[in-house]
Amino acid sequence: MYKFLIIYIVFSFVSLSQAFSQQKDTAISFSKDALSNFIDGTVSELRNENEIALNYFNNSLKFENSAGIHFVLSKVYYKLFRYQEALLEAHSALKLSPDNIEYLNYLGKIYYALKNYDEVIKTYELILKIDSLNVNALYSLGKVYEEINKPSKAIVYYEKVIDEYGFDIEVLRRMYTIYLGFKDYQKCIEILKYALLLDPYNQYFKQMLADIYTLVNNNEAAIKIYEDLLRLNPSDKNIKTELVKAYFKLNEIEKGFRNFAKTLDKDSLSYSEKLQIAELYYSLIQQDKSIEPVARNIFIYLQNQYPYESLPYLYLGTLEISDSFIIAKQYFDKAIQLSDTNKEICLQIVNTYFTANYNAEALSILKRIYYKYSNDFNINYLYGLVLQRLGEVSESLNYYLKALEKEPDNIPLLSTIAMVYNSLKKYEESDAIHERALEIDPDNPLILNNYAYNLSLRGVNLVKALAMAKKAIEKEPNSASFLDTFGWILYKMSDFINARIYIEKSLSINPQNWVVLDHYGDILLALGYREEAKEAWSKALKINPNNEEIKNKINNITK
């Protein structure tokens, strides 16, 4: 330790001598007091006695105004997290030695700690003017541009570091992260290959490379790496899972299932276990569309291997519905046949048809199975929804009411029935159902809003309607629909100024709702803004071009 201390002091002395000699108006000779304090400060700093070191260095500065002393003071202040004082001393050092790259690098470091990124950039760019290939400046500029979310600029500096100084693991890691963000997977592959040249046994880099290969659908390359990794880590379930995924993506389903069985320490998988895997992939489609063909491949495999099981046909139909109604229908019909009109399967098929707007086909299945499930809540509720969408509103009510017998407190169903009564102009029945729903759930914002809106359309009980609409907004202040209801009731009560405020809030959330735009036009006209009213109605008409009432409003205001 003593020997090391002596060496450290000697180097510090040499550094100080150089610093003195760089000053224009200072001779190489300097006072013994300056040197003595400088050495004592250096020893204290080495012992991590930084406050004591500050005293010695400041004393040294009283005898010699040296760039080197200012610099060491800056470093000690930095260690103590006293960044402003460190900054002052760094600038003092640079006044005496303006082209000193070591000082400039430290100045950049201080600015970085202060998060003054503009000054960081200026400082390191100044270094590059002095030394265009300074590795620390190039790397630091890349790092700071990453920090301020300018990856396109950061990558330029990292590329320069690699070009001039060769591969560096940390620089490659940062480049990989940027290119991954750009989704430039080919560059990611190149970088990981370079990283593996530096560290050929790095399993982390290998797995990252395999993962990227799966992203670009080079599943053969991914499988080779995963198999290699698995030989080294036979118990690693994460690698096993990724290998299974790669097999599935390559449509080697049997190999995928065999390897999945190994992750469970089994020799083989049952049909139900294979189905669960397929269903897992199916559930991930909403998060990642690229998984859809994988799920489809697995279900096709199951359909071929287990031709008398209904669920693979059900899922295949669901996957096909957006592309081919005819193929989807064939799968669905087979699922219904094999399941002997199983209720859950039939419900899922009807719901899929309903969601895809194949309402006639949905109704056909409901008619076909209704005799078996005429007392089922879901069957009756769905039957009502399909009939209502097909325009059979009166008939839909019969099925809604039958569903209500099974679940008399079902709020969504009560809301639907109330709206149906309202559309049939059976207002007393509609109000009674809304009141019943509010007895069950007095704070339900949907019921409060719908009831209030229905009253406003009829122009009755507006004070009550306003109170309910206000309560709904308090529950869901960012609902465009609820804001529209509140504004429309204010309009009905002739409070046009406040009505405009709430309708504009609604449109700021959803500017494409033709009903709200229609309301907006009415309010603007009431306020005397004829041209603005016409503009609002014109926007509404673009969204709903067949609305005769809006056409008449525009024609009347144009005359």
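The values are calculated or read from the model by the stated rules, or taken from the named source; none is laboratory data. Remember, it's a predicted structure, so these values are computed and weren't measured experimentally. Don't worry about glycine lacking a Cβ; one is built from the backbone with ideal geometry, like all the others, and counts go over all protein chains shown.
From the list TYR157, TYR204, exactly one residue is of a type in the set (Phe, Trp, Tyr) and surrounded by fewer than 17 Cβ atoms within 10 Å (Cβ to Cβ). Which is it?
Details: TYR157 fails: surrounded by fewer than 17 Cβ atoms within 10 Å (Cβ to Cβ).
Unique residue meeting the criteria: TYR204.
All but one of (1) in the same structural domain as LYS470 (by TED's automatic domain parsing); (2) outside any helix (DSSP H, G or I) hold for PRO545; which doesn't?
Failing condition for PRO545: (1).
Given the condition of a type in the set (Asp, Glu) and within 34 Å of the chain's Cα centre (by Cα), answer yes or no: does some residue in the range 309-317 qualify?
Residues of the range 309-317 of a type in the set (Asp, Glu): 309.
Now narrow it down to the ones that are within 34 Å of the chain's Cα centre (by Cα): none.
No, there is no match, as no residue in the range 309-317 is of a type in the set (Asp, Glu) and within 34 Å of the chain's Cα centre (by Cα).
For the subset of the range 77-93 comprising residues that are assigned to a helix (DSSP H, G or I), of a type in the set (A, V, I, L, M) and in contact (Cβ under 8 Å) with a residue 24 or more places away in the chain, which member is farthest from GLU51 (Cα to Cα)?
So in the range 77-93, the residues assigned to a helix (DSSP H, G or I) come out as 77-79, 83-93.
Retained after the next criterion (residues that are of a type in the set (A, V, I, L, M)): 86-88, 90, 93.
Restricting the remaining residues to those that are in contact (Cβ under 8 Å) with a residue 24 or more places away in the chain gives 86-87, 93.
On the way: ALA86: 13, LEU87: 17, ALA93: 20 Å.
For the range 77-93, the residue satisfying everything is ALA93.
Which pairs have Cβ atoms under 8 Å, sit 6 or more apart or on different chains, and link a residue in the range 235-247 that is within 10 Å of ILE223 (Cα to Cα) and crowded, with 21+ Cβ neighbours inside 10 Å to one that is among the polar types (S, T, N, Q) and at pLDDT below 80?
The qualifying pairs are VAL244/THR263.
Would you point out which residue out of ALA418, ALA432 is at pLDDT 95 or above, buried (at least 20 other Cβ atoms within 10 Å of the Cβ) and of a type outside the set (S, T, N, Q)? Full working, then the answer.
Values: ALA432 fails: buried (at least 20 other Cβ atoms within 10 Å of the Cβ).
Of the residues listed, the single one that is at pLDDT 95 or above, buried (at least 20 other Cβ atoms within 10 Å of the Cβ) and of a type outside the set (S, T, N, Q) is ALA418.
All but one of (1) closer than 22 Å to GLU392 by Cα; (2) in contact with a helix residue (DSSP H, G or I) (Cβ under 6 Å, 6 or more places away or on another chain) hold for ALA452, so report the exception by its number.
In the conditions (1) closer than 22 Å to GLU392 by Cα; (2) in contact with a helix residue (DSSP H, G or I) (Cβ under 6 Å, 6 or more places away or on another chain), ALA452 misses (1) alone.
Hey, could you check the range 39-61 for residues that are assigned to a loop (DSSP other than H, G, I, E, B) and of a type in the set (D, E, K, R) and say which is farthest from ARG82 (Cα to Cα)? Steps first, please.
Just the residues of the range 39-61 that are assigned to a loop (DSSP other than H, G, I, E, B), to begin with: 47-49.
Filter again for of a type in the set (D, E, K, R), leaving 47, 49.
Working: ARG47: 19, GLU49: 15 Å.
Among those residues, the one meeting the criterion is ARG47.
Anything in the range 205-257 that is assigned to a loop (DSSP other than H, G, I, E, B) and among the hydroxyl-bearing types (Ser, Thr, Tyr)? List them, or say none.
In the first step, residues of the range 205-257 are kept if they are assigned to a loop (DSSP other than H, G, I, E, B); the result is 216-218, 233-236, 250-252.
Across the range 205-257, the qualifying residue is only SER235.
Looking at this structure, is GLN207 in contact with an Asp or Glu (Cβ under 8 Å, 6 or more places away or on another chain) and within 30 Å of TYR165 (Cβ to Cβ)? So that I can check it myself, show each step before the final result.
Details: in contact with an Asp or Glu (Cβ under 8 Å, 6 or more places away or on another chain): yes; within 30 Å of TYR165 (Cβ to Cβ): yes.
Taking the combined requirement at face value, the residue satisfies it.
Looking only at residues in the range 274-287 that are touching a residue at least 12 places away in the same chain (Cβ under 8 Å) and under 14 Å from VAL244 (Cβ atoms), which one is farthest from the chain's Cα centre (by Cα)?
Once the filter is applied, the top-ranked residue is LYS274.
Just to be sure I understand, how many residues within the range 319-353 are surrounded by 23 or more Cβ atoms within 10 Å (Cβ to Cβ) and under 33 Å from the mean Cα position of the chain (by Cα)?
Qualifying residue count, the range 319-353: 4.
Suppose we keep only residues that are among the small types (Gly, Ala, Ser) and assigned to a helix (DSSP H, G or I) within the range 354-363. Which one would you say is surrounded by the fewest Cβ atoms within 10 Å (Cβ to Cβ)? Show your work before the answer.
Taking the range 354-363 and keeping what is among the small types (Gly, Ala, Ser), we get 356, 360, 362.
Pick out the ones that are also assigned to a helix (DSSP H, G or I) and you get 360, 362.
Details: ALA360: 10, ALA362: 25.
Among residues in the range 354-363 that are among the small types (Gly, Ala, Ser) and assigned to a helix (DSSP H, G or I), the one surrounded by the fewest Cβ atoms within 10 Å (Cβ to Cβ) is ALA360.
Determine, yes or no, whether ASN498 is surrounded by fewer than 16 Cβ atoms within 10 Å (Cβ to Cβ), assigned by TED's automatic domain parsing to the domain that holds LEU466 and not β-branched (Val, Ile, Thr). Even if it seems obvious, please write down each step before you answer.
On the way: surrounded by fewer than 16 Cβ atoms within 10 Å (Cβ to Cβ): yes; assigned by TED's automatic domain parsing to the domain that holds LEU466: yes; not β-branched (Val, Ile, Thr): yes.
In short, yes.
Please count how many residues of the range 122-146 are surrounded by fewer than 22 Cβ atoms within 10 Å (Cβ to Cβ) and either without any contact (Cβ under 8 Å) to a residue 24 or more places away in the chain or touching a strand residue (DSSP E or B) at 6+ places or on another chain (Cβ under 9 Å) (or both).
6
Can you tell me which residues in the range 419-438 are among the acidic types (Asp, Glu) and closer than 23 Å to SER479 by Cβ?
Within the range 419-438, the first condition is being among the acidic types (Asp, Glu), and the residues that meet it are 428-429, 431, 435.
Within the range 419-438, ASP431, GLU435 meet the criteria.
Just the residues that are charged (D, E, K, R) and loosely packed, with under 14 Cβ neighbours inside 10 Å, please, taken from the range 533-550. So that I can check it myself, show each step before the final result.
Restricting attention to the range 533-550, the residues satisfying the condition of being charged (D, E, K, R) are 534-535, 539, 542, 548-549.
LYS542, GLU548, GLU549, listed by residue number.
Condition check: hydrophobic (A, V, I, L, M, F, W, C), part of a helix (DSSP H, G or I) and more than 28 Å from the chain's Cα centre (by Cα). Does PHE260 satisfy that?
Here the answer is yes, as PHE260 does meet what is asked.
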